[in-house]
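The values are calculated or read from the model by the stated rules, or taken from the named source; none is laboratory data. These numbers come from a predicted model, not from an experiment. Ideal geometry is used to build each Cβ from the backbone, glycine not excepted, and the neighbour counts take in all protein chains shown. In case anyone asks, the SASA skips ligands and DNA or RNA and just uses the protein heavy atoms, side chains included. Shrake-Rupley method; radii C 1.70, N 1.55, O 1.52, S 1.80 Å.
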Amino acid sequence: VFSSQVRLSWARPSYASCPLHPMDAGASSSSSAPVDIAMAQSGAAGAPADPLKMIPKSPIVIVMVGMAGSGKSTWMHRMVIRLQSQKKRVYTINLDPAVRNVAYPVNVDIRDTVNYKEVMKHFGLGPNGGIMTSLNLFATKFDQVLALVDKRAADLDYILVDTPGQIEVFNWSASGQIVLDALAVSYPTIISYVVDTARCAKPVTFMSNMLYACSILYKTKLPFVITFNKVDVMGHSFLQEWMGDFEKIGLALSRESSYVASLARSMSLAMEEFYRNIRSVGVSAVTGQGCEDFERAIREAGDEFHNSYIPFLMEQRRDIEEKRQRAIEEQVRSFERGRVVPQKRQRDGNLGSLLEEGDGTDDDMDGLEADIRDIRIRER
């Protein structure tokens, strides 16, 4: 399942392919200029500095989230090119284990650590299950990613993170929460929810997207920017009108006769508070339209992170850290005990066992357990 330095001689097919360089365990985090926060004044003289009070203004972490086909990766490619043309220092992380090709240069790629196809074979999973399991495995070692970023943080302006198109895999799994919590306690972290503008032409689809955005906002509690992509195909002004005027979205929904439209009408009033306080911009990943508006929204969201999120985080710090540790330990234990049954019945009715029963299975799981504990993440 993992790439490793030495090809593993398991009874089942070997899952090692890509050499990994062990991280320098003695590397220390780079020091960045601390942020002056009124409520974060040091207590007793000589006391250890509170990490939350030392979160720097930069680099800003932008996590790209959105439905499959919304243009997340293309928009990320556009932003990488634009920021580099402005002499900004950019660091990129790819968290999609199933993507075949990535247009932008990647510094840390989950595909270099976890073999998505072998995860599916080893645990007998489908595509979505393989993506989720790959992310769960990678998340247990995300502290190594943070260590790599820390080495370069003083020389960076932005960290861009690309996520899987299977949006529920990242947002509603333990791995997504671990990744976001780890980033948010280290650097200013912002969620960019990318929406396909053309698909929102129908008010019911628009409401579905907004409900999803609202749920992500309240789950992560991080500064949030709704990015209406593909405005070169269809303008987004009518969407902003729907967000700003309850009567206009109600009128559009009244033309729909389905049960879903009735449900959307009943929820549209409840969403008004969400619309009032959310940032939204229209962009085009193809033409570059709206890049300035997006950068302005990101700067505002970065200020909100320091003014609102850090005080909240200081109150919730203990609970978040305990929850994160429990999630990591539970993920490791679940794989060690082999809870995922690696057998699937094939379409033709034959039993397609990817791991034969009673023939070295224990050895395989022992090897996987050792591989999980010894894995090292490297930069490209």
**Selection count, the range 107-118, where residues are closer than 12 Å to Asp162 by Cβ, in a helix (DSSP H, G or I) and open to solvent by less than 30 Å² (accessible area, probe 1.4 Å)** = 1
**Asked** Got at least one residue in the range 255-267 being open to solvent by less than 50 Å² (accessible area, probe 1.4 Å) and part of a helix (DSSP H, G or I)?
**Response** yes
**Request:** Please go through the range 119-176 and pick out each residue that is open to solvent by 10 Å² or more (accessible area, probe 1.4 Å), in a helix (DSSP H, G or I) and β-branched (Val, Ile, Thr).
**Result:** Thr133
**Request:** Could you please find all residues in the range 290-327 being exposed (fewer than 14 other Cβ atoms within 10 Å of the Cβ), within 20 Å of the chain's Cα centre (by Cα) and either aromatic (Phe, Trp, Tyr) or under 28 Å from Lys230 (Cβ atoms) (or both)?
**Result:** Arg299
**Subset of the range 64-106 [β-branched (Val, Ile, Thr), closer than 27 Å to Ala201 by Cβ and open to solvent by less than 10 Å² (accessible area, probe 1.4 Å)]** = Val65
**Prompt:** Using beta carbons and a limit of 6 Å, which pairs, at least six apart or on different chains, have the first residue in the range 319-346 and under 17 Å from Asn136 (Cα atoms) and of a type in the set (S, T, N, Q) and the second one modelled with pLDDT of 80 or more and in a loop (DSSP other than H, G, I, E, B)?
**Reply:** Gln331/Thr140
**Prompt:** For the range 278-319, how many residues meet the condition of being of a type outside the set (D, E, K, R) and over 30 Å from Val80 (Cβ atoms)?
**Reply:** 4
**Fill in**
By residue number, the members of the range 177-217 that are among the aliphatic types (A, V, I, L, M), more than 24 Å from Tyr259 (Cβ to Cβ) and in a helix (DSSP H, G or I) are Ile178, Val179, Leu180, Ala182, Leu183, Ala184, Ala198, Ile216, Leu217
**Item:** When residues of the range 243-254 are limited to those that are open to solvent by 30 Å² or more (accessible area, probe 1.4 Å) and in contact with a Phe, Trp or Tyr (Cβ under 9 Å, 6 or more places away or on another chain), the one nearest to Val283 (Cα to Cα)
**Value:** Gly244
**Request:** Any residue in the range 218-239 that's at positive phi: show its pairings with residues that are among the aliphatic types (A, V, I, L, M) and assigned to a strand (DSSP E or B) at Cβ separation under 7 Å, as long as the two are six or more apart or on different chains.
**Result:** none
**Request:** Among the residues of the range 218-241, count how many are open to solvent by less than 70 Å² (accessible area, probe 1.4 Å), assigned to a helix (DSSP H, G or I) and at pLDDT 90 or above.
**Result:** 2
**Fill in**
Of the residues in the range 276-289, those that are small (Gly, Ala, Ser) and buried (at least 22 other Cβ atoms within 10 Å of the Cβ) come to Gly282, Ala285
